[in-house]
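So the structure is just underneath, and the comments pick up after that.
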Amino acid sequence: MSYIDKVKQFTIKENPIILGIETSCDETAVAIVKNGREILADEIISSATEHAKYGGVVPEIASRMHTTAILTATENALKNANMTMDDIDAIAVTKGAGLLGALLVGVSFAKSLAFATDKPLVPVSHIRGHIAASYLADKTLEPPFITLLASGGHTAIIKVEDYYTINALGGTLDDAVGEAFDKVARVLGLPYPGGPNVERLSKEGSKNIKLPKMLKGYDGGKYDLSYSGLKTAVINYVHTEEQKGNEINKADLAMSFQSTAIDVLIDKVLMAVKETGINTVTVSGGVGANGYLREQLKERTQGLGIKLVIPEKRYCTDNGAMIGAEGFLQYKKGNFADLSLNAEAVVPLK
């Protein structure tokens, strides 16, 4: 019997254990998740130190590092969970979005593993994986809720209507907020990864440098965002001060940029809560690990009757557990792929 025929006959188990594989960027991550809520093992092998030599992620290096790390990460996850592949009910893998070469490593490995072990292969959207991380943070969490998606590749205010239906109320028209952090970090002479280093420097400064608010005079969607102008304003500020021979207080500039970039996100989340009547808010994506964002969200939602769910910093950044959590939902839906599954550099925000 061919694997395609087997896919048609896979039965959906009541309490599945999912192996989640994530290789969309520079982390090779494999986790084992039970029932979409309980993490049994979680392995991450990062190649960030290699990319730091070049000031950012180099796709070819990321792909090679995934190739050398993915088997080790899988073996370690199984060992730490005290399991074998016989205990696994399905294999979930990030199909997109991300670096195409990096994604292909994970997809190819997952397909081979599924074929060799006769396990269902479950394709997962990286975006939905980030959203599903909140189910790991709060095992009682149920839709509907508003999620702030903030990462290096995506920035959006999303209404999660049920486990399978999401509606983007608005998003960035250009740069993602995480991308803006990385670009500002380069201007400030900070090493990769930019986001954590901007945050670290900002703790030494004050937000006393006036930067423009985004989309002034814009008559489009009220939940829309833009970071290109803010990034450019920081670059222009640095160049102007250097031409004048003035010393730049990099800590103040980092704090001013960070607060300007993040405060507007919280403004729009609170607007979404007010307009939809949904009083549960979650955070999704790597920028969710930013301390200022986490603190401001807690402070500004206090006393408003809002339930706030923020995953641990480890589960805001790329990880296999979030793929296992979303993989569980797709498994229960019977969303199985055959061996023609391919990686996609871009996936729709839906």
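The values are calculated or read from the model by the stated rules, or taken from the named source; none is laboratory data. Here the structure is a predicted model, which means the values were calculated and not measured. A quick note on method: Cβ atoms are made from the backbone with ideal geometry, for glycine too, and the neighbour counts reach across all protein chains shown. Accessible surface is based on the protein model in full, side chains and every heavy atom, while ligands, DNA and RNA are left aside. Shrake-Rupley method; radii C 1.70, N 1.55, O 1.52, S 1.80 Å.
What the table below lists for this structure:
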read-out: Positions within the range 77-110 being under 14 Å from Leu341 (Cα atoms), open to solvent by 20 Å² or more (accessible area, probe 1.4 Å) and of a type in the set (S, T, N, Q), in sequence order; value: Ser108
read-out: Members of the range 267-286 that are open to solvent by 20 Å² or more (accessible area, probe 1.4 Å) and under 25 Å from Ser24 (Cβ atoms); value: Gly286
read-out: When residues of the range 214-256 are limited to those that are among the acidic types (Asp, Glu) and either outside any loop (DSSP other than H, G, I, E, B) or open to solvent by 30 Å² or more (accessible area, probe 1.4 Å) (or both), the one nearest to Leu270 (Cα to Cα); value: Asp219
read-out: Number of positions in the range 305-338 that are among the hydrophobic types (A, V, I, L, M, F, W, C), in contact (Cβ under 8 Å) with a residue 40 or more places away in the chain and open to solvent by 30 Å² or more (accessible area, probe 1.4 Å); value: 3
read-out: The range 312-347, subset β-branched (Val, Ile, Thr) and in contact with a helix residue (DSSP H, G or I) (Cβ under 9 Å, 6 or more places away or on another chain), residue modelled with the highest pLDDT; value: Ile323
read-out: Hits in the range 3-43 (condition: open to solvent by 30 Å² or more (accessible area, probe 1.4 Å), among the acidic types (Asp, Glu) and either in a helix (DSSP H, G or I) or within 26 Å of Val346 (Cβ to Cβ) (or both)); value: Asp5, Glu27
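Residues checked against (1) closer than 30 Å to Ser340 by Cβ; (2) of a type outside the set (D, E, K, R):
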{"position": "Ala132", "(1), (2)": "yes, yes"}
{"position": "Leu149", "(1), (2)": "yes, yes"}
{"position": "Ile158", "(1), (2)": "yes, yes"}
{"position": "Glu161", "(1), (2)": "no, no"}
{"position": "Val177", "(1), (2)": "no, yes"}
{"position": "Gly195", "(1), (2)": "no, yes"}
{"position": "Val198", "(1), (2)": "no, yes"}
{"position": "Tyr218", "(1), (2)": "no, yes"}
